[in-house]
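Here it is: the structure, laid out below.
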2 protein chains.
Amino acid sequence: MIANHFTDMKIIRTVSEMQHHADELRKDKTIGFVPTMGYLHEGHLALVKAAKILADVVVVSIFVNPIQFGPSEDLSRYPRDFERDAKLLDEEKTDIIFYPDDGEMYEKAFSTYVEVKKLEDHLCGKTRAGHFTGVATVVTKLFNIVKPHYAVFGQKDYQQLTVIERMVRDLNQDVKIIPHPTIREADGLAMSSRNTYLSSEERRKALFISASLRKAEEMFSSGIRDAGEIRKAVNTILHTEDGIDVEYIDICDAMTLEDISTLEKKAVLAIACRVGKTRLIDNTILTEALQ
Amino acid sequence: MIANHFTDMKIIRTVSEMQHHADELRKDKTIGFVPTMGYLHEGHLALVKAAKILADVVVVSIFVNPIQFGPSEDLSRYPRDFERDAKLLDEEKTDIIFYPDDGEMYEKAFSTYVEVKKLEDHLCGKTRAGHFTGVATVVTKLFNIVKPHYAVFGQKDYQQLTVIERMVRDLNQDVKIIPHPTIREADGLAMSSRNTYLSSEERRKALFISASLRKAEEMFSSGIRDAGEIRKAVNTILHTEDGIDVEYIDICDAMTLEDISTLEKKAVLAIACRVGKTRLIDNTILTEALQ
């Protein structure tokens, strides 16, 4: 049993109660939704603030979705602290936390998956088999449970955002997806629940990631359009010191996520690497608007 | 442009208009839904009647879903007659026909699919690769567009019904699925839009299908529980004359669709065969309630 110390914030733990409540709300209010895996940081809270501006009622879900973790990934060590999360969300005047347990979301005979083909073959999809199917599936479930008018997703998980936008269009999910710029620490590190895994030495090294993105933006602004040249410069920065293990540095079309060699249309530079045992991702959008 | 001669029945052709209308309706009414591929017969109309009893407003969709047809299947020759369908639905006091064209349902970059694993490996799934993914995907889209409280599906397409029920549970689609018994011609043939393909000679031969199901029910009622014995009797009846090409005669668990050798729990006997070039399916549920 989760104690609810919050007078104005509701904590809902079952699918049926959330659906019933959403139906009632939709009669005369709009619902804004922020799906999270908890262990909230300023990045999440920025999404909540954005949702508050858009909608009458804000629902935040906290659910560490097991089906988006691979067998060798960090599901069991993924950080969790519901009491702290609830306090932070209450301070943001969140209306409802949807906080189901695993059994409420996945019954034993569960066997239906939402697959966004093609988009999941690129970037993180290459090494995280099934990850985006897990994400698309749980987000579809959450949309059917929370019934939001708006859902806010951070651009830090760029491929996730692209997959969700494609899925919403394809399946006619009646939700407007609101992308939100990446929130960073003062020194540039993209906020992530996984940053908590970093030692102070790793934390320092991780700064090369955002530094390399800033370098790429500079090169793009100065007129460089050769993807190979930008990639090379990013790679050099990431290898300034030992300790960053690069998984990919990809420059791709911002819609299809296909690799490009020349930057013409809206492109995204996306990086995944390991700092110690911690996998970090970051990205920047390279578009004429930057000029 | 589709002319609308019907004063009380609305014909909606776009996703956005249907969604908007559904949102308005849901504020104080319940929506019943019957998805069809058109070329309606008494079987469909029975589903519409059932929906009328359940819900305040009945929506029927007419859409021949291209992604559920295999490359060698009958998509282009599938029978269509919108004017006739609309007239029949008007007589049933249908409130709304949702009648989108292919482009409205599938844009060029479409790439998201809903897959119900395991259930699609059995029965028709063995020869119709991708068929049930096509069905689950379009039904998900239609649920997101029509936003029904109830959706009525015929038991004639037993595997389809099972797949949809599993999907609705797994994805938390907030729709109550209402199964409806198979409607038959006076002589026993299960109604199907594909019956229109049959020559009168084929039409006569097709009667062996329902006759074989009645024989199986009799055997079950008399206490026979050996699936092999029932299967053999069914097979014998289907081969009374030349001209029926049996694809499968399967006796399986009514929930998981896995083959069973002894009838203990609720089971289904399902048949697929070709009469001439026309593929026909039929089934019966074998359960103690029959006794």
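Computed from the coordinates by the stated procedures, all read-outs in this text should not be read as laboratory data. None of the values given here were measured: they were computed from a predicted structure. Quick reminder, even Gly has a Cβ in these numbers, built from the backbone with ideal geometry, and neighbours come from all protein chains shown.
Which distances, in nm and shortest first, link the residue A:221 label point to the same label point in every other copy, taking 7 Å along Cα→Cβ?
Taking the point 7 Å beyond Cα along Cα→Cβ, the inter-copy spacings are 8.4 nm.
Below 12 angstrom from the Cβ of residue A:266, what's the summed charge of the other residues (Lys, Arg +1; Asp, Glu -1)?
Local net charge: -2.
Ranking A:111, A:222, A:61 by Cβ neighbours within 10 Å, fewest first, what do you get?
Going from least to most buried by this count: A:222, A:111, A:61.
Further question on the same structure: Can you give the FRET efficiency to the nearest 0.05 for residue B:14 and residue B:91, using r as the Cβ-Cβ distance and R₀ = 25 Å?
0.50
Sticking with this one: Taking GluC sites (Glu not before Pro) that fall in a DSSP loop and have at most 14 other Cβ atoms within 10 Å as cut points, what is the longest piece of chain B between them?
B:108-240
Would you tally the net charge around residue B:203, using a Cβ to Cβ cut-off of less than 10 Å, leaving residue B:203 out, and scoring K and R as +1, D and E as -1? Walk me through the numbers on the way to the answer.
Details: positive: B:204, B:205; negative: B:185, B:187, B:201, B:202.
Result for the local shell: -2.
Using the 7 Å Cα-to-Cβ label point, sort the distances from residue B:185 to its equivalents in the other copies shortest first and give them in nm to one decimal.
Those label-point separations list as 7.5 nm.
Report the local net charge at residue A:28: Lys and Arg +1, Asp and Glu -1, summed over other residues whose C-beta lies under 10 Å from its C-beta.
Net local charge, residue A:28 excluded: +2.
Cross-link list A:10/A:87; B:117/B:277; A:49/B:141; B:156/B:176; A:49/A:277; A:27/A:147: which exceed 23 angstrom alpha carbon to alpha carbon?
Too far apart for the 23 Å limit: B:117/B:277; A:49/B:141; A:49/A:277.
Just check region A:65-215 against the gyration tensor rule for me: Cα atoms, a ≥ b ≥ c as the square roots of the eigenvalues, rounded for a/c under 1.5, and otherwise prolate or oblate depending on whether a/b exceeds b/c.
rounded
Same structure, new question: Please report, for residue B:66, the nm distances (one decimal) from its label point, 7 Å out from Cα along the beta-carbon direction, to the equivalent points in the remaining copies, shortest first.
4.0
Sequence gap at least 6, Cα distance under 8 Å: using those rules, report the relative contact order of chain B to the nearest whole percent.
With pairs under 8 Å counted, the relative contact order is 17 percent.
For residue B:118, give me every one of the lysines with a C-alpha distance below 16 angstrom, ignoring sequence neighbours fewer than eight places off in its own chain.
A:108, B:126
Where both partners of a DSSP beta bridge lie in chain B, what percent of those bridges are antiparallel, to the nearest 5?
Among the beta bridges of chain B, antiparallel pairing accounts for roughly 50 percent.
Another question, if that's okay. Starting from the Cα gyration tensor of region B:213-277, take the square roots of the eigenvalues, sort them a ≥ b ≥ c, and report rounded, prolate or oblate (rounded when a/c is under 1.5, otherwise prolate if a/b is larger than b/c, else oblate).
Working: a/c = 2.65, a/b = 1.53, b/c = 1.73.
The shape class here is oblate.
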